[in-house]
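Colleague: For reference, the structure I am asking about is given below.
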Amino acid sequence: MSISVRYIDAFRAKEIAMKFLEQHHSIVNVKNTTLEKGIWMVEIEVSAFGIHDMRVMVDSRTGRIVGWD
């Protein structure tokens with residue numbers, strides 16, 4: 001019996017990151033999404049008090065947020 005591992009794609013990683021940031025920020029633009037060593041790095045422009053960039057790290061296997069800055 002083989003076990004298949006499903007991974008999330010870039011579109012789903014963007015959705016997860018945006019939903020997370022929308023809790024406290026207004027989303028302006030998704031700038032970049034890259035996969036590095038199994039972690040999606042999603043760069044998003046947000047506005048709370050001025051526009052700035054945030055990065056959300058999403059595990060490509062589980063879809064869980066593993067960090068942000």
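Read the figures in this text as sums done on the coordinates, not as results from a lab. Small disclaimer: the values here were computed from a predicted structure and weren't measured.
Colleague: Can you give me the angle between helix 10-21 and the longest principal axis of the chain, using Cα atoms only, in degrees from 0 to 90, rounded to the nearest 10?
Modeller: Relative to the chain, helix 10-21 is tipped by roughly 50 degrees.
Colleague: By what distance, in whole Å, do the Cα atoms of the chain stretch along each of the three principal axes, largest value first?
Modeller: 53, 20, 18
Colleague: Now for a separate question. Given an 8 Å cut-off on Cα distances and at least 6 residues of separation, report the relative contact order of segment 10-68 as a percent.
Modeller: About 29 percent, as a whole number.
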